[in-house]
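*Asks:* Submitted below is the structure of interest, expressed as structure tokens.
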Amino acid sequence: MSNEDVYFLYGFVSAITLMACIHGALLAAILLVTKRLRSTANRYLALALAGVAIILFYEAAAYAGLEDDIPLLIQYAPLYIQTSVPVGLFFFTLFMVQPEFKPRERKTYWLAYLPLALDGIIQLAYIPLLWMVAEDQLMDAERHLENTGEVLMLGTALTLLPLSIRRVHRYQSFLYDNYSTTSGRSLRWLRTFLMLFLTLAVLWGIAFTQSLLGLDAEPIFLVATFGLVIVLFAIGYFVMLQYDLFEVVPYQEEAPDLVEAPKKLSAKTGVYFENLLGVLQDERVFTNPELTLQDLADRLGISAGYLSQIIKAHERTTFFEFVNRYRVEAVKQKLVSADYQHYTIMGVALESGFKSKSTFNTVFKKFTGQTPSAYKHAHLAGHNAALLE
């Protein structure tokens, strides 16, 4: 690659990165000042986005060759706190899952703030270096501080991001155990974003390690920078245009030592299970798209936890799959019934208790191995062929 090509590439990267920086800063401000978006969770998301924006600001300056031209007041101010990204995402996840979460009630969560304090101390330490360290040693001292900050950021990201992903996974399991539909409740989109941030942290760690070994780390740093740019713009899209995804069902997680041990299944388990099947088959309660485990437990006169144990013992599945199996069977019958031929496929799905098209298509294919339209055409074709014979 010629020098002109390199200059063009770096100029392009600098421009795109600066645009993303401005986008991230504006988005963080919008989350903080817009009443509709104001929440504890979004304050932490704003912290993470501001952290990404600051990182991209310095990256844009570096790719534009202007890093040395940044005023010392900005260059050595305690702004470049990279740990704000994983810390912000960690607490954003906690408050998305549990809006009433109180870190002071779980003292171990205060440790998640420690990287921010250490990062701030590292950034402030740059200022006395200008007066305390000889000029010929200043560059080495700055590099040691920079490497310490990078290690702190990577350690924080590789610790808190997996914990955040685990928390979302536990929340998703909670949904499948208690709700017959996850529409408007799922946090899979958040898990995807957290996985992307974790991947970028790993890439950044690989590039950082290469740079310490004296290897060319620029290509991987470039990929990680572009990744941050893309993720930042994607978050902006979801926050501004898909805000309904932020409306989740909070659940209260009990401390590990306070979780009630599963009850031993009694001899009446079989009776309860038969009653459950009767409620589903005779009363067809599965056609209620908002049916919950608690609804069925109330009908049977038992606790929701005990009913969940019964379903898992007899069906080896979650409440979500158990109920949606009945819905799929109802759809299959209606798709080939003459009484429902004037219905659209989605109309049949709604009649059978499904709430969203995406969930319906996914669940139907899982249980039948076919799309709804393929199933309908195949069975209607078979039925017509039988009539012709």
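The values are calculated or read from the model by the stated rules, or taken from the named source; none is laboratory data. Since this is a predicted model, take the numbers as computed values, not measurements. Virtual Cβ from ideal backbone geometry, glycine too; neighbours counted across all protein chains shown. Ligands, DNA and RNA are stripped out before the accessible areas are found, and what is left, the full protein with its side chains, is counted by its heavy atoms. Shrake-Rupley method; radii C 1.70, N 1.55, O 1.52, S 1.80 Å.
*Asks:* Residue 284 - would you say it is more than 18 Å from residue 178 (Cβ to Cβ) and more than 32 Å from the chain's Cα centre (by Cα)? Write out each step before concluding.
*Replies:* Numbers: more than 18 Å from residue 178 (Cβ to Cβ): yes; more than 32 Å from the chain's Cα centre (by Cα): yes.
Judged against the criteria, residue 284 is a match.
*Asks:* Do we have residue 278 as modelled with pLDDT of 90 or more, assigned to a helix (DSSP H, G or I), more than 24 Å from residue 52 (Cα to Cα) and of a type in the set (Gly, Ala, Ser) here?
*Replies:* On the way: modelled with pLDDT of 90 or more: yes; assigned to a helix (DSSP H, G or I): yes; more than 24 Å from residue 52 (Cα to Cα): yes; of a type in the set (Gly, Ala, Ser): yes.
So residue 278 passes the test.
*Asks:* Let me ask something additional. Residue check: is residue 65 crowded, with 21+ Cβ neighbours inside 10 Å and either modelled with pLDDT of 85 or more or over 16 Å from residue 238 (Cα atoms) (or both)? Spell out how you get there, then give the answer.
*Replies:* On the way: crowded, with 21+ Cβ neighbours inside 10 Å: no; either modelled with pLDDT of 85 or more or over 16 Å from residue 238 (Cα atoms) (or both): yes.
It is false that residue 65 is crowded, with 21+ Cβ neighbours inside 10 Å and either modelled with pLDDT of 85 or more or over 16 Å from residue 238 (Cα atoms) (or both).
*Asks:* Still on this structure, I have one more. Within the set of pairs 6 or more residues apart or between chains, which connect a residue that is among the basic types (Lys, Arg) inside region 333-344 to a residue that is open to solvent by less than 90 Å² (accessible area, probe 1.4 Å) and part of a helix (DSSP H, G or I) with Cβ atoms less than 7 Å apart?
*Replies:* Once the first residue is among the basic types (Lys, Arg) and sits in region 333-344, its partners that are open to solvent by less than 90 Å² (accessible area, probe 1.4 Å) and part of a helix (DSSP H, G or I) give 334/340; 334/348; 334/351.
*Asks:* In addition: Could you please tell me which pairs satisfy a Cβ distance under 8 Å, a separation of 6+ or placement on different chains, a first residue in region 112-129 that is modelled with pLDDT of 90 or more, and a second residue that is of a type in the set (Ser, Thr, Tyr) and outside any helix (DSSP H, G or I)?
*Replies:* 115/83; 116/83; 118/83; 119/83
*Asks:* For the structure I just gave you, tell me whether residue 127 is part of a helix (DSSP H, G or I), open to solvent by 50 Å² or more (accessible area, probe 1.4 Å) and within 18 Å of residue 86 (Cα to Cα).
*Replies:* Numbers: part of a helix (DSSP H, G or I): yes; open to solvent by 50 Å² or more (accessible area, probe 1.4 Å): yes; within 18 Å of residue 86 (Cα to Cα): no.
Criteria not met by residue 127.
*Asks:* Would you be able to say whether some residue in region 359-376 is open to solvent by 60 Å² or more (accessible area, probe 1.4 Å), modelled with pLDDT of 90 or more, in contact with an Asp or Glu (Cβ under 9 Å, 6 or more places away or on another chain) and assigned to a loop (DSSP other than H, G, I, E, B)?
*Replies:* Within region 359-376, not a single residue is open to solvent by 60 Å² or more (accessible area, probe 1.4 Å), modelled with pLDDT of 90 or more, in contact with an Asp or Glu (Cβ under 9 Å, 6 or more places away or on another chain) and assigned to a loop (DSSP other than H, G, I, E, B).
*Asks:* How about region 251-275: which of its residues are modelled with pLDDT under 60 and not acidic (Asp, Glu)? Spell out how you get there, then give the answer.
*Replies:* Applying the first criterion (modelled with pLDDT under 60) to region 251-275 yields 252-262.
Once the filter is applied, which keeps residues that are modelled with pLDDT under 60 and not acidic (Asp, Glu), region 251-275 yields 252, 255, 256, 258, 259, 261, 262.
*Asks:* Only residues in region 308-327 that are under 20 Å from residue 283 (Cα atoms) count as the first member; pair them with residues that are open to solvent by 40 Å² or more (accessible area, probe 1.4 Å), Cβ under 6 angstrom, at least 6 apart or cross-chain, and list the lot.
*Replies:* That search, which allows pairs on different chains as well, returns 310/272; 320/176; 322/315.
*Asks:* Also, quick follow-up: Only one residue in 143, 188, 167 is free of Cβ contacts under 8 Å to residues at least 60 places away in the same chain and within 30 Å of residue 296 (Cα to Cα), so which one is that? Break it down stepwise before answering.
*Replies:* Values: 143 fails: within 30 Å of residue 296 (Cα to Cα); 167 fails: free of Cβ contacts under 8 Å to residues at least 60 places away in the same chain.
Selected residue: 188, the only one of 143, 188, 167 that is free of Cβ contacts under 8 Å to residues at least 60 places away in the same chain and within 30 Å of residue 296 (Cα to Cα).
*Asks:* Could you run through region 214-233 and say how many residues are in contact with a Gly (Cβ under 7 Å, 6 or more places away or on another chain) and either among the charged types (D, E, K, R) or closer than 16 Å to residue 12 by Cβ (or both)? Don't jump to the end; show me each part of the working.
*Replies:* Taking region 214-233 as the starting set, the residues that turn out to be in contact with a Gly (Cβ under 7 Å, 6 or more places away or on another chain) are 232.
Now restrict to residues that are either among the charged types (D, E, K, R) or closer than 16 Å to residue 12 by Cβ (or both): none.
Total satisfying the criteria: 0.
*Asks:* Also, quick follow-up: So which residues in region 171-200 are part of a helix (DSSP H, G or I), of a type in the set (A, V, I, L, M) and either modelled with pLDDT under 90 or surrounded by 19 or more Cβ atoms within 10 Å (Cβ to Cβ) (or both)? Step through it out loud before you land on a result.
*Replies:* Our first condition is that a residue be part of a helix (DSSP H, G or I); within region 171-200, this holds for 171-178, 188-200.
After this cut, where a residue has to be of a type in the set (A, V, I, L, M) as well, the list is 175, 190, 194-196, 198, 200.
Once the filter is applied, which keeps residues that are part of a helix (DSSP H, G or I), of a type in the set (A, V, I, L, M) and either modelled with pLDDT under 90 or surrounded by 19 or more Cβ atoms within 10 Å (Cβ to Cβ) (or both), region 171-200 yields 175, 190, 194, 198, 200.
*Asks:* Only one of 198, 222, 228, 194 is under 30 Å from residue 305 (Cβ atoms), touching a residue at least 40 places away in the same chain (Cβ under 8 Å) and hydrophobic (A, V, I, L, M, F, W, C); which? So that I can check it myself, show each step before the final result.
*Replies:* Values: 198 fails: under 30 Å from residue 305 (Cβ atoms); 222 fails: under 30 Å from residue 305 (Cβ atoms); 228 fails: under 30 Å from residue 305 (Cβ atoms).
None of the others qualify; the one that does is 194.
*Asks:* Consider residue 104 against the criteria (1) assigned to a helix (DSSP H, G or I); (2) modelled with pLDDT of 85 or more: it satisfies all of them except one. Which criterion is unmet?
*Replies:* Single failed check for residue 104: (2).
*Asks:* Moving on to the next point. Within region 201-219, which residues are under 22 Å from residue 24 (Cβ atoms) and either without any contact (Cβ under 8 Å) to a residue 24 or more places away in the chain or not in a helix (DSSP H, G or I) (or both)?
*Replies:* 207
*Asks:* Tell me whether region 190-202 contains one or more residues that are closer than 25 Å to residue 321 by Cα, of a type in the set (S, T, N, Q) and under 11 Å from the mean Cα position of the chain (by Cα). Quick ask: steps written out before the conclusion?
*Replies:* Taking region 190-202 and keeping what is closer than 25 Å to residue 321 by Cα, we get 190-192.
Narrowing the set further to residues that are of a type in the set (S, T, N, Q) leaves 192.
From what's left, under 11 Å from the mean Cα position of the chain (by Cα): 192.
Yes, the conditions are met somewhere in region 190-202.
*Asks:* For region 308-320, does any single residue satisfy the condition of being among the small types (Gly, Ala, Ser), within 27 Å of residue 170 (Cβ to Cβ), at pLDDT below 90 and loosely packed, with under 14 Cβ neighbours inside 10 Å?
*Replies:* Yes; the residues of region 308-320 include at least one that is among the small types (Gly, Ala, Ser), within 27 Å of residue 170 (Cβ to Cβ), at pLDDT below 90 and loosely packed, with under 14 Cβ neighbours inside 10 Å.
*Asks:* Filter region 282-304 for residues that are open to solvent by 40 Å² or more (accessible area, probe 1.4 Å) and either farther than 13 Å from residue 269 by Cα or in contact with a Ser or Thr (Cβ under 6 Å, 6 or more places away or on another chain) (or both) and give the result.
*Replies:* Looking only at region 282-304, we keep the residues that are open to solvent by 40 Å² or more (accessible area, probe 1.4 Å), and these are 282-284, 287-290, 294-295, 298-299, 301, 303.
The answer is 282, 283, 284, 287, 288, 289, 290, 294, 295, 298, 299.
*Asks:* Suppose the filter is part of a helix (DSSP H, G or I), open to solvent by 50 Å² or more (accessible area, probe 1.4 Å) and either more than 30 Å from residue 291 (Cβ to Cβ) or among the charged types (D, E, K, R) (or both); does residue 122 pass it? If you could, list the steps in order and put the result at the bottom.
*Replies:* Numbers: part of a helix (DSSP H, G or I): yes; open to solvent by 50 Å² or more (accessible area, probe 1.4 Å): no; either more than 30 Å from residue 291 (Cβ to Cβ) or among the charged types (D, E, K, R) (or both): yes.
Judged against the criteria, residue 122 is not a match.
*Asks:* So if I check each of 297, 304, which one is farther than 21 Å from residue 366 by Cα and free of Cβ contacts under 8 Å to residues at least 12 places away in the same chain?
*Replies:* Matching residue, one of 297, 304: 297.
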